Amino acid sequence: MKATFALPAAAALAAVLLSGLSVTSCGYFYADQDTTALQLVGNVVVKREGDGPCSVTEFAKYYDEGVLDLAVSDEFAFNMHVRNLLPSTVSFTGNSAKQLRQEYNKITLQRMLVTLDLTAPTPNTPFGQKGTVTGAPVAAWSVPIQLVLEPESEKGLTLPAVPSRVAISGKLTDIGRDWRTRWLADAKRTERKQRIILQLQVEGVTLGEHTVRSDTFDYPVTVCWGCLINQPTPPSVIDTPDDFWRSCSTLAFPKEVPLPCYPGSQDPVVCGYYCFLCKTREAQGTGQKCDPKFCPPLL
């Protein structure tokens, strides 16, 4: 799911000069760590075409805000659109191919840096001080990236900005799993929503061996339980709140409804789809036992 477009050379060069990049005596541009050689543009809207895979075909629409439904997934998928603003260092000084120089401003992205800003969580949410899970959630982590950006180009890549688990200082640490545990411990989890801010940066290294990093991109995300699960035909008699989801286990998933690209992130879907996945996993022995009153079940 990659798309590459050429940026206007003049605009890119202006951006480089304004950002404080240096020019060596031999004409190579290079960037130090805190420059704007990289630009994180946004979270691209990705759709599935028919039964095919999801892909980024153009950078035209973006999700202004994100949604993570912990009832479905403990990872938040971010469809990153990133640009290399550095100009090319390759030039011809004659007709001979020997005059070509190496492309020192080619960037190999290595990781996304994520800092969690809870924006003053209310006391009655799972992130609040009165939650049943003690201790504050992990405040910062990084997600590995493997992506090469030519100068004056842009690409798209989907990665878990909120991973289920990630290595921090050599230790595998729960991130999304911890959040899910907090919501599961709350008896009123379907009523709980928490707005957070993910402070995102992408970091890489140029072929000239200089570390570059984008400016911080603040991205709001609403964390919830069940808010992306649509129930079009609730039972006529509801004995308990959980009975609202009872028909999910029998509701057929309509073929005309497109499957979500990344279940639990952004796009809602009919609840019967998740129950279908649940029963398939249970039958194959690859998932936990389905909850008869609430679909999907625990991950």
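Using Cβ contacts closer than 10 Å as the measure, can you line up Glu203, Glu75, Glu282 from fewest to most?
Placing the least packed residue first, the sequence is Glu282, Glu203, Glu75.
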For Phe59, Phe76, ascending order of other Cβ atoms within 10 Å (fewest first) is Phe59, Phe76
What does the extension gain come out to for Val41 and Thr211, with contour length at 0.36 nm per residue minus their alpha carbon separation?
59.3 nm
For Glu191 and Lys289, extending 7 Å from Cα along the Cα-Cβ vector and measuring point to point gives, in nm, a value of 2.9 nm
With label points built 7 Å along Cα→Cβ from the Cα atoms of Val138 and Ile168, find their separation and express it in nm.
0.5 nm
Can you compute the label reach from Glu282? Point 7 Å from Cα along the Cβ direction, backbone N cut-off under 12 Å, restricted to segment 70-89.
none
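Which of Lys155/Lys193; Lys193/Lys289; Lys106/Lys171 have a Cα-Cα distance over 30 Å?
With Cα atoms farther than 30 Å apart: Lys155/Lys193; Lys106/Lys171.
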Can you list the residues of segment 197-232 with backbone N under 20 Å from a point 7 Å past the Cα of Gln102, pointing along Cα to Cβ?
204-213
Test of understanding: what is the full-extension gain from Ser55 to Leu259, defined as 0.36 nm times their sequence separation minus their Cα-Cα distance?
72.1 nm
Sequence of Ile168, Ile145, Ile229 once ranked by neighbouring C-beta atoms within 10 Å, starting from the fewest:
Ile168, Ile145, Ile229
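Bear in mind that the values in this text are calculations on the coordinates, not laboratory data. From a predicted model like this one, the values you see are computed outputs, not experimental measurements. As a convention, Cβ positions derive from the backbone with ideal geometry for all residues, glycine included, and neighbour counts pool all protein chains shown.
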